[in-house]
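Working notes, beginning with the structure itself.
What follows is calculated from the coordinates using simple rules that are stated; it is not laboratory data. The structure displayed is predicted, hence computed values, not measured ones. We place every Cβ from the backbone using ideal geometry, glycine too, and count neighbours over all the protein chains shown.
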Amino acid sequence: MTILVTGATGRVGRHLVQQLVSRGASVRALVRDPAKANLPAGVEIAKGDLLDLDSLRAAFAGVNTLFLLNAVTGDEFTQALIALNVAREQGIERVVYQSVIHADRFVNVPHFAVKSGGERMIAGMGFGATILRPAYFIDNDLMIKDVILGHGVYPMPIGSKGVAMVDARDIAEVAAIELIRRDRAPGKLPIETINLVGPDTLTGAGVAAIWSDVLGRPVVYGGDDPTGFEQNLATFMPKWMAYEMRLMAERYVSDGMVPNAGDVRRLTDLLGRPLHSYRDFAVDVAAKS
């Protein structure tokens, strides 16, 4: 049966589509601009977006299993609700939903609250689903690599409680495994939640120490105050979004993003390999710079 991937050209989506194709799945990708999709041969392209009902109904037709990813936008919750309603309308019962770790706790952060609402709707509407809850994406730090490399400062205010940063490739591979498991099951499976974390729970000072070691020169942590972080983000994204990122950073500092006991073992057993680490990322960035 066909698996529909939303967000197919994003950081997780591209890896996910490749994983599904390599595992022999029939894949349809919902994209805004097919000319720019650049997806593997054999992937069926459906043009549209999550607010275009006609394109959404066409994309969902004949689909057995849905991967739902909603980007952080001002209408993110509306997109999620419409997609889930159309999925049910089209008879889709099997879903893998990309949420976020601690979605039910960080309720003052808008996109966490949205993801928590999506999880509740999935349960309330009777879907069989895997809820994927990733922590902070390691490759978020590509946005700040010039500050790290050029100024010797790790500026992301992640605090000292610890953040279990996860690689997008690991998220995608777990998503592929779950999509295929649900797609090929003889019937609808119960809801299951998986925390997606990296192998290490890192502090701001700890990340700075990794960069110091990899680069062979001092890199210092910029501190917990998110003011400069918000101001910098506001230079290239909407101010409401920069403020939302500030709220998230404040929760990193106050609460951390610490995995539950057994999360890392569960993921390594599922993948059959070690998780990608932040050090791997830093070494790769340094080698390419």
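General observations
- Candidate set from segment 222-263 (those that are over 15 Å from Asn140 (Cα atoms), among the hydroxyl-bearing types (Ser, Thr, Tyr) and in a helix (DSSP H, G or I)); member that is nearest to the chain's Cα centre (by Cα): Tyr243
- Only one of the numbered conditions (1) in a loop (DSSP other than H, G, I, E, B); (2) under 27 Å from Leu247 (Cα atoms) is violated by Gly13, and that is (1).
- All told, Val114 falls short of being surrounded by 16 or more Cβ atoms within 10 Å (Cβ to Cβ) and in a loop (DSSP other than H, G, I, E, B).
- Residues of segment 45-85 classified as among the hydrophobic types (A, V, I, L, M, F, W, C), part of a helix (DSSP H, G or I) and surrounded by 19 or more Cβ atoms within 10 Å (Cβ to Cβ), total: 6
- Qualifying residue in segment 240-261 (condition: out of contact with any Cys (no Cβ under 6 Å at 6 or more places or on another chain) and over 22 Å from Ala135 (Cα atoms)): no
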